[in-house]
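Notes to accompany the following structure.
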Amino acid sequence: MSEDRDLLEDVQRLIAELESHPDAAVRASVTALLEGIDTVHRTALTHLVAAIQSMAGEAFMNRLTADPAIRLLLMSYDLIAVDRRLHAEEALDSVRGHLHDHGIDVELSEVVGGAVYVKLHGIERSDVAIDGVRHDLEEALRTALVGFQELVVGDRSVRTPQLLQVGGLRTPQRPVYHRVCSVNDVARGALKAVDVDGHSVLVVNADGDFFAVSNQCGDGPLPLHFGTLRGAELTCSWHGCRYDVRSGQRLDGPERLTVFPVSVEGEDVRIAVGTEPVTRG
């Protein structure tokens, strides 16, 4: 397998293809298969981790979870805590020594979702170009930090309101709704994964009210439609992350799901994932 391929993205794509199969029996079999695999793996890994901790202790567990592949697996089943700042620090440590030899120190400011914010000290006196430093940091984070998306050098920018220029106003836009299912397809307290114009979306029936959010947990590609719903609170089956489907806000962390507009027209559930210009009369 090519090192450039993302195995999790491949798995998500294959699952999505099978779950959208035109044969309803195939779709049902795929769902049953995935739920069965999840149950077997979750039970076995829970017993395995408990046995390792009882026989070898936390120090040995820490050595095991230093391996990114092992850590990702155990994080997926909520068997170890997810500390993204610690993981980012560990990733940066792999290049800090090299950069320090050139007079550059890397300070981690914060980790927000898939964005990592750093400050570079001594870069102005170094013989290394900032583009080279950025490349080294990005490669280290991409290799060791699951869900890494963007490196930001400097503080988080604070947006200040600006005056609108009358001549620069954009053409008014309106949402474009797509029918995704019938109201009868999603019972109270149930979830349904759909594809809307290339977007993986989770339709949620929270006590009779319909909502739609992005069908992936946090920054990773793992889907949410195996989760459990209690009222408006959705719990991810992989990590145990909890989200409010009304706002998309994660209840036990800073992340937020994308929330899509929903319109129920008669028996049809319609979701908007894009906009189009308003035609002037």
Order by neighbour count: 55, 61, fewest other Cβ atoms within 10 Å first, most last. 55, 61
Measure off 7 Å from each Cα along the Cα-to-Cβ vector at residue 21 and residue 246, then give the distance between these two points in nanometres to one decimal. 3.9 nm
If amide H atoms are modeled at 1.01 Å from N in the peptide plane, then the residues at a separation of 5 or more from residue 274, or on another chain, having amide H under 5 Å from its own are 176
Residues 237, 109 in order from fewest to most other beta-carbon atoms within 10 Å are 109, 237
What is the Cα radius of gyration of region 178-281 over 2.2 N^0.38 Å, N being its residue count? 1.07
Kirkwood-based Rg/Rh on the Cα set of region 202-251 evaluates to 0.91
Could you go through region 15-25 in sequence order and give the Karplus-derived ³J(HN,Hα) for each residue, using 6.51 cos²θ - 1.76 cosθ + 1.60 with θ = phi - 60°, rounded to whole Hz, and x for Gly and Pro? 4, 4, 4, 6, 6, 9, 4, x, 8, 4, 5
Rough spin-label spacing in nm, given labels placed 7 Å along Cα→Cβ, for residue 230 and residue 43: 2.3 nm
Using the per-residue mean of other Cβ atoms lying within 10 Å as a proxy for protection, in what order, highest first, do the peptides 185-196, 120-131 fall? 185-196, 120-131
Computed FRET efficiency, Cβ-Cβ of residue 207 and residue 115, R0 35 Å: what is it to the nearest 0.05? 0.55
Heads up, region 10-70 by the C-alpha gyration tensor (a ≥ b ≥ c square roots of eigenvalues; a/c under 1.5 rounded, else a/b over b/c prolate, else oblate) looks oblate
Cα extents of region 84-153 along the three principal axes, largest first (Å): 31, 18, 17
Would you list 241, 181 from fewest to most Cβ contacts within 10 Å? 181, 241
Stretch residue 105-residue 90 to full length: gain in nm at 0.36 nm per residue minus the Cα-Cα span? 3.9 nm
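Bear in mind these aren't lab numbers, they're just calculated from the coordinates by the rules spelled out. Note that the structure is a prediction, hence the values are computed from the model and not measured. Cβ atoms come from the backbone with ideal geometry, glycine included; neighbour counts cover every protein chain shown.
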